[in-house]
Number of protein chains: 2
Amino acid sequence: MKLLEEKIRKEGYVLGKDILKVDAFLNHQVDVEFMEKIGEEFHRLFKEEGITRILTIEASGIAVACMASRYFKLPVVYAKKYPSYVPDNDVYQSEVYSFTKKTSYNIRVSKKYIKENDRVLIIDDFLANGKAAAGLVDVVRQAGATVAGVGIVIEKGFQPGRKTIEDMGIRVESLAIVESMETGNIIFK
Amino acid sequence: MKLLEEKIRKEGYVLGKDILKVDAFLNHQVDVEFMEKIGEEFHRLFKEEGITRILTIEASGIAVACMASRYFKLPVVYAKKYPSYVPDNDVYQSEVYSFTKKTSYNIRVSKKYIKENDRVLIIDDFLANGKAAAGLVDVVRQAGATVAGVGIVIEKGFQPGRKTIEDMGIRVESLAIVESMETGNIIFK
């Protein structure tokens, strides 16, 4: 998506070797008008897939998934990732290893909000190692439901996330794929 | 907002003495079509206030704030609440005490995303003790900006949040005010 690549070049910046900060429009400030275009593009890509539910993960997936859901006219479910003070009973859960934090966390989705006959579109802001997306796939499959696809805003093409998800038999669509990046120079695939 | 009260009565439920779960449409599953009506209502209430920026806090405020922002045609900034693996430099921060978790956390907003001449609308899903909202007000004021109002989806009218914020000289608008609640019986003001 050309428009997204331009936006990343203009407003994003690279920290160290593998952190791309897009706080200006996605991860801290949200350019909602722009996110609508992102949502529309996900709809264009997945509209033939008979999607019945959109699943994302807190916190930064929520804005993207909500904008997409406007086009699909479907509810969004966001997996919980942070500890909750109200016990989460009756959930599907999956352990996700975070390379950046070098620790694991549990993602949880209430059994009420994924059903066996659902065709789920998973949406997230970033795909890097694919651990979070794989955890979401695991949760959907625990429910006996089908993952109809994974839609990603920014993929780090130099990390193995896409292979991880495609090896699970799942279609992955990323709106921008970063092939390499260093300060002042982001190259897209 | 009658529609919201009906929705809470139909889809919400009460846990213990002071937890109102609205996971069905706001805090886990998001009924985006319904959230658009919430967003429209915030716009109706605050459209004369010359708002230049919408501020919320991760995670559950994000969906609401994004839907409101569509009507204001303004960006949303969400304060960070969870630890970040990338150091947050150059932020305004405020310590917020959580009664439910009996511990404090720091909310952070990058100095890039609130400016001195901003008129900020703070939006959040719940108002109970008002500590999070007060922290957001503190952050805005550190920036030298003005809080033009606080918009809340569900206020627990039996807790002191409104007084806390109004005592700071700020207009509070809640779309539903719960006066008392117990299992099967939620009474609105």
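Enter the mean number of other protein chain beta carbons within 10 Å of the beta carbon of each residue in A:75-86, as an integer.
Counting Cβ atoms of other protein chains within 10 Å of each residue's Cβ and averaging gives 5.
Which whole-number percentage describes the relative contact order of the stretch B:60-189, with Cα contacts under 8 Å and a sequence gap of 6 or more?
Over the stretch B:60-189, the number comes to 19 percent.
Could you work out how far apart the two model spin labels at residue B:6 and residue A:21 are, taking each label as a point 7 Å from the Cα in the direction of the beta carbon, and quote it in nm?
With each label point 7 Å from Cα toward Cβ, the separation is 4.7 nm.
Could you look at the stretch A:40-109 and say what percent of its accessible area is carbon and sulfur, using a 1.4 Å probe and all protein chains?
45
Of all the stretches in chain B, which is the longest one without any exposed loop site, taking chymotrypsin sites (Phe, Trp or Tyr not before Pro) in a DSSP loop (any state but H, G, I, E, B) with at most 12 other Cβ atoms within 10 Å?
In chain B, the maximal stretch lacking such sites is B:100-189.
For peptide B:57-68, how many partner chain Cβ atoms fall within 10 Å of a residue's Cβ, on average?
5
Count the DSSP beta bridges whose two residues both fall in chain B, then state the antiparallel fraction as a percent rounded to the nearest 5.
Counting only bridges with both partners in chain B, antiparallel ones make up about 45 percent.
Copy-to-copy spacing for residue A:163, label 7 Å out on the Cα-to-C-beta vector, in nm, shortest first?
Relative to the other copies, residue A:163 has label-point distances of 6.2 nm.
How many partner chain Cβ atoms sit within 10 Å of a residue's Cβ in peptide A:23-36, on average, as a whole number?
Partner Cβ neighbours, averaged per residue: 6.
Quick check on my link table: of A:73/B:80; B:102/B:156; A:7/A:101; B:37/B:81, which ones sit more than 25 Å apart, alpha carbon to alpha carbon?
A:73/B:80; A:7/A:101; B:37/B:81
Report the trypsin sites (Lys or Arg not before Pro) located in the stretch B:38-92 that are in a DSSP loop and have at most 14 other Cβ atoms inside 10 Å of their Cβ, or state none.
Those satisfying the criteria are B:73.
Inter-copy label distances at residue B:19, 7 Å along the Cα→beta-carbon direction, one decimal in nm, shortest first?
The projected label point of residue B:19 is separated from its counterparts by 3.4 nm.
Between residue B:86 and residue B:37, what length comes free when the chain is fully extended (0.36 nm per residue of separation minus the Cα-Cα distance, one decimal in nm)?
14.1 nm
When DSSP beta bridges are limited to those with both residues in the stretch A:92-189, what percentage is antiparallel, rounded to the nearest 5?
Roughly 45 percent of the DSSP beta bridges within the stretch A:92-189 come out antiparallel.
Each label point is 7 Å from the Cα along the Cα-to-Cβ direction; what then is the distance between the points at residue B:119 and residue A:13, in nm?
The modelled label-to-label distance comes out at 3.1 nm.
With both bridge residues required to lie in the protein assembly as shown, what share of the DSSP beta bridges run antiparallel, to the nearest 5%?
For the protein assembly as shown, the DSSP antiparallel bridge percentage is about 45.
Write down the accessible area per residue of the protein assembly as shown in Å², having rolled a 1.4 Å probe over the full set of protein chains.
43
The values are calculated or read from the model by the stated rules, or taken from the named source; none is laboratory data. Treat the numbers as computed from the prediction; the structure is a model and nothing was measured. A quick note on method: Cβ atoms are made from the backbone with ideal geometry, for glycine too, and the neighbour counts reach across all protein chains shown. Just so you know, the surface numbers come from the protein's heavy atoms only, side chains and all, with ligands and any DNA or RNA stripped out. Shrake-Rupley method; radii C 1.70, N 1.55, O 1.52, S 1.80 Å.
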